[in-house]
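Here's the structure, in C-alpha cells; my notes come after.
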Amino acid sequence: MKKLAMFAVVIAALAFAACDGKKSAQPVEETDSIKSFEQEQVEAKIKMELDSLATAIGELKQLPIVKDADGIKLSDEEKQVKPDYLLQPSVAENAATLAEKYRMVSALSVDKKIAALYDLPTDEYDQAISKLVADIDDPSFKEIQDAATIFETSQALYDNMNQNGRINYFWQLAGTSLVEQLFAISQNSDKFLASFDDDAASNVTYRIALLTEAISRLKQYDPSIEPVAKAIEPLDVLNAISVDQLKTQLAEAKDKIVAARAALIK
C-alpha cells in the first residue's frame, strides 16, 4: 500500500509539472520558431517526468527470481526438473532492429539468471549477450561490469543512457525485463512465489504502474516503443498487494503474459 501511495504522489507531481493552464488561441501567423520553442518546452517536461519515473524504478528492489542474495534457492531434487520455457541463446540472431536487440539483451539476461538457478550451462547466454551488446554499441554499457546485469535497469544505467542520448532504449530494457520475469514466475508460481513477501508482490504492481506511465508518455515521440506499450498495458490487471493476490492474478493473466512476451521477443 505504501508503494501505491508513493506512485500516486509521483503521478500527481508529474501532472502538476505538465500543466500550464489554458492558453489563449495563437494567431494564424504564429512563426515556426515559436512553435519550435513550445515543442522544446513540452519535450523538456516529458524528459523531466521520465527522469522522475526512472528514479522511482531504480529505488525498487529486484524481484526474488533474479536476486543473487536472499533470492530463490532450489533443492537438488527441484533442479532435476529443467525449465522448458527459457529462450534459447540462439534466438538472439532474430533481433534485427536496434530496439529488438535491446529487448533481446534484457530477456536473455533474465533467462540466464533462471538457467543458473537450475545449474544449466550459461556460456552460450554470455556469448549471445556479449554479441548483442557489441552490435548495439551503446557507450552507456561500458560502465556496467557484467553485461548480463543490464536488465536490472539501475539509476546508474539510466544516467549513463541519458548522457549518451539513449534513454528511450532504457524503457525497452525495463519493459522487457519485467515481462520476462513475470513470464518465468507464471510458469512455476508455486516455487517462484515461495520466496516473495507482500512487499515483493506490491513491487510488481508498482513497477507495472511506473512503466505504463513512462511508456505512455514516450510513445508520443518514439514509435519503436509501441511494442513495449502494447505488451505492458494489458498487464495493469496485476495490481496485487499480497503474495496470495499475485498468485491468483498471475494465473488469471497467464495468456496476457504469454502474449506480452511474444510481442517483445520475436
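Laboratory data are not the source of any read-out in this text; all were calculated from the coordinates shown. Fair warning: this is a prediction, and the values are worked out from it, not measured in the lab. So basically every Cβ, Gly included, is an ideal-geometry build from the backbone, and we count neighbours across all protein chains shown.
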Using alpha carbon positions and the Kirkwood radius, the Rg to Rh ratio of the chain is 1.01
Asserting the computed 222 nm helical MRE of the chain (DSSP H runs at least 4 long, -39500 (n - 2.57) per run, divided by residue count, to nearest 500) equals -20000 deg cm²/dmol
Largest fluctuation, SER140, SER189, SER75 only, Gaussian network model of the chain with Cα springs under 10 angstrom, belongs to SER75
In debye to the nearest 20, the charge dipole size for the chain, taken about the Cα centre with +1 at each Lys and Arg Cβ and -1 at each Asp and Glu Cβ, equals 420 debye
For segment 59-140, one quarter of the surface area of the C-alpha convex hull, expressed in nm², comes to 6.5 nm²
With Cα springs under 10 Å, the Gaussian network model of the chain assigns the largest mean-square fluctuation among PRO121, PRO89, PRO139 to PRO121
Hits for the chain under the membrane-span-like helix rule (DSSP H, Cα axial span at least 15 Å, Kyte-Doolittle mean at least 1.6) are 2-18
Using alpha-carbon coordinates alone, the radius of gyration and Dmax of segment 110-149 in Å work out to 11.0, 33
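Starting from the coordinates of the alpha-carbon atoms of segment 165-226, obtain the Kirkwood hydrodynamic radius over all distinct pairs and give the value in Å to one decimal.
On the way: mean 1/r = 0.0774 Å⁻¹.
Value: 12.9 Å, from the Cα pair sum.
Find, among the chymotrypsin sites (Phe, Trp or Tyr not before Pro) in segment 42-130, those assigned to loop by DSSP (not H, G, I, E, B) with at most 16 other beta-carbon atoms within 10 angstrom.
Details: sites: TYR85, TYR102, TYR118, TYR125; in loops: TYR85, TYR118.
Filter output for segment 42-130: TYR85, TYR118.
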Of the listed pairs LYS191/LYS266; LYS73/LYS191; LYS82/LYS112; LYS112/LYS142, those with alpha carbons more than 18 Å apart are LYS191/LYS266; LYS112/LYS142
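Which of the chymotrypsin sites (Phe, Trp or Tyr not before Pro) found in segment 192-266 are loop residues per DSSP with 16 or fewer other Cβ atoms within 10 Å of their Cβ? Write out the running numbers ahead of the final one.
Numbers: sites: PHE192, PHE196, TYR206, TYR221; in loops: PHE196, TYR221.
Sites meeting the loop and neighbour criteria: TYR221.
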By the mean-Cβ-within-10 Å protection proxy, highest first, 226-239, 171-184 rank as 171-184, 226-239
